[in-house]
Amino acid sequence: MSRIGKLPIAIPAGVEIKITAGNELVVKGPKGTLTRKLSPDMTIAQENGQITVARPNDLKRFKALHGLTRTLINNMVVGVTEGYVKRLEINGTGYRAAKAGKKLTLSLGYSHPVEMEDPEGITSEVDGNTKIIISGIDKEKVGQYAANIREKRPPEPYKGKGIKYENEHIRRKAGKAGKK
């Protein structure tokens, strides 16, 4: 039995969950509404304030889907109640970020500024001019937008210049060896 898949998901107060035909799940909460079509092979049941996910048999494919389905539902419930946040830091001389409306402008040492538009349902803030805070209710979209920003100038291993996640550790390399 899947250790993650068999765990029930508690439905917090203020969260409304609707399971329609074909395993389409609609989760409404204080922060917004999320909709996702899940695998029709899984059995999703809602009873006495909890959601449980069951699989039809022990085929490898269903074992994998069991834990995935439970985690996706849990991420939706957490998203509409608490939301998700990713924090990025910009390191490097002259590297900075600015925010104007829904447009994020990054100066990353290129000959031109890099401009990015916030996706639907995602908000980004600039703290100081070297910290970017991305927040939203969909974990997948928040993580993907943060990865897209980081991709514009990933941290390099010699001086650590670039965009990194707040808690990311950059493995540093020694520079050139000096003359003897």
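Taken together, the values in this text are just the output of simple stated rules run on the coordinates, not laboratory data. Keep in mind it's a predicted model, so treat the numbers as computed, not measured. Glycine gets a Cβ as well: all are built from the backbone with ideal geometry, and neighbour counts include every protein chain shown.
Its alpha carbons give the stretch 1-94 an Rg and a Dmax of 15.9, 57 Å.
The peptide list 158-166, 12-20, put in order of mean Cβ contacts within 10 Å with the highest first, becomes 158-166, 12-20.
Between Glu82 and Val114, the simple spin-label model (points 7 angstrom out along Cα→Cβ) gives 2.9 nm. Of all lysines in the structure, those lying under 30 Å Cα to Cα from Lys102, and not within fewer than 8 positions of it along the same chain, are Lys28, Lys31, Lys37, Lys86, Lys131, Lys139, Lys141, Lys152, Lys161, Lys164. Put a dot 7 Å past the Cα of Ile4, heading toward its Cβ, do the same for Ser135, and the two dots end up 2.6 nm apart.
Once you list every other residue whose beta carbon is under 13 Å from the beta carbon of Asn91, what net charge do they have if Lys and Arg are +1 and Asp and Glu are -1?
Numbers: positive: Arg96, Lys131, Arg150, Arg153, Lys159, Lys161, Lys164, Arg172; negative: Glu89, Glu156, Glu166, Glu168.
Here the charged neighbours net out to +4.
Taking label points 7 Å from Cα along the Cα-to-Cβ direction, Ile170 and Thr71 give a separation of 2.9 nm. Between the stretch 122-164 and the stretch 25-65, the C-alpha centres lie 30 angstrom from each other.
Karplus-based coupling profile of the stretch 90-102, in residue order and whole Hz: 10, 10, x, 5, x, 7, 7, 10, 9, 10, 9, x, 9, with θ = phi - 60° in 6.51 cos²θ - 1.76 cosθ + 1.60 and x standing for Gly or Pro.
Backbone N atoms of the stretch 33-56 closer than 14 Å to the 7 Å Cα→Cβ label point of Gln144 belong to residues 35-37. Relative to the dominant Cα principal axis of the chain, helix 139-151 is inclined by about 20°.
With all pairs of different alpha carbon atoms counted, what Kirkwood hydrodynamic radius in Å does the chain show? Don't skip to the answer; put the middle values down first.
Working: mean 1/r = 0.0528 Å⁻¹.
Hydrodynamic radius (Kirkwood, Cα only) of the chain equals 18.9 Å.
Taking the Cβ of Tyr145 as the centre, find all other residues whose Cβ is under 13 Å away and add up their charges (Lys, Arg: +1; Asp, Glu: -1). Value of the local net charge: 0.
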